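The values are calculated or read from the model by the stated rules, or taken from the named source; none is laboratory data. As the structure is a prediction and not an experimental result, all values here were calculated from the model. All Cβ positions, even for glycine, are placed from backbone atoms using ideal geometry, and neighbour counts span all protein chains on display.
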Amino acid sequence: MRLFEFDNNDPLRVKLTAVTSQLQSDLQNANSEDPMSTDAFLKLLNKNQIVIDKTDIYDIIKKEPLVHFIKDIEDDKVIFRGQTLAKQPTDPDESEQIVAQMAKKAAK
């Protein structure tokens, strides 16, 4: 999605796309696997005169233009497209063992 594809009558949408795209690019260039906190993301948007409430951000990321840049918000962290989390279990047997241990503890 390019900035010129947006309607010129919606400057807020163009600004939102520009700020989010720049942030995503900066994180990719830094090879950062650490997701940004939701509060930090909202502060960055507010600094750029884009006022979005924390309750609205969950709905906004599912719509244009943020749907192209933000994958999800998990545990109060913004996960951008192409960003991987370092804490994800890579071995399926490992996650099964964790679940089994938790079930044992819960059964006691």
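Would a scan of the stretch 30-39 turn up a residue that is out of contact with any Gly (no Cβ under 7 Å at 6 or more places or on another chain), loosely packed, with under 15 Cβ neighbours inside 10 Å, at pLDDT below 85 and of a type in the set (Ser, Thr, Tyr)? Working first, answer last.
Residues of the stretch 30-39 out of contact with any Gly (no Cβ under 7 Å at 6 or more places or on another chain): 30-39.
From the residues that got through so far, the ones that are loosely packed, with under 15 Cβ neighbours inside 10 Å too are 30-34, 37, 39.
Restricting the remaining residues to those that are at pLDDT below 85 gives 30-34.
Going one step further and asking which of them are of a type in the set (Ser, Thr, Tyr), we end up with 32.
Yes, because at least one residue in the stretch 30-39 is out of contact with any Gly (no Cβ under 7 Å at 6 or more places or on another chain), loosely packed, with under 15 Cβ neighbours inside 10 Å, at pLDDT below 85 and of a type in the set (Ser, Thr, Tyr).
Among the residues of the stretch 58-75, those that are charged (D, E, K, R) and over 20 Å from Asp26 (Cα atoms) comprise Asp59, Lys62, Lys63, Glu64, Glu74, Asp75. Each residue in the stretch 18-44 was checked for being assigned to a helix (DSSP H, G or I), closer than 18 Å to Gln83 by Cβ and touching a Leu at 6+ places or on another chain (Cβ under 9 Å), and 6 pass. Pairing residues of the stretch 96-108 that are basic (Lys, Arg) with residues that are in a loop (DSSP other than H, G, I, E, B), at Cβ distances under 6 Å and at least 6 apart in sequence or on separate chains, gives no pairs at all. With (1) touching an Asp or Glu at 6+ places or on another chain (Cβ under 6 Å); (2) more than 27 Å from Ile98 (Cβ to Cβ) as the list, and Asn48 as the residue in question, which single condition is left unmet? Failed condition: (1). The single condition from (1) surrounded by 12 or more Cβ atoms within 10 Å (Cβ to Cβ); (2) at pLDDT 85 or above; (3) closer than 18 Å to Lys15 by Cβ; (4) not polar (S, T, N, Q) that Ile79 fails is (3).
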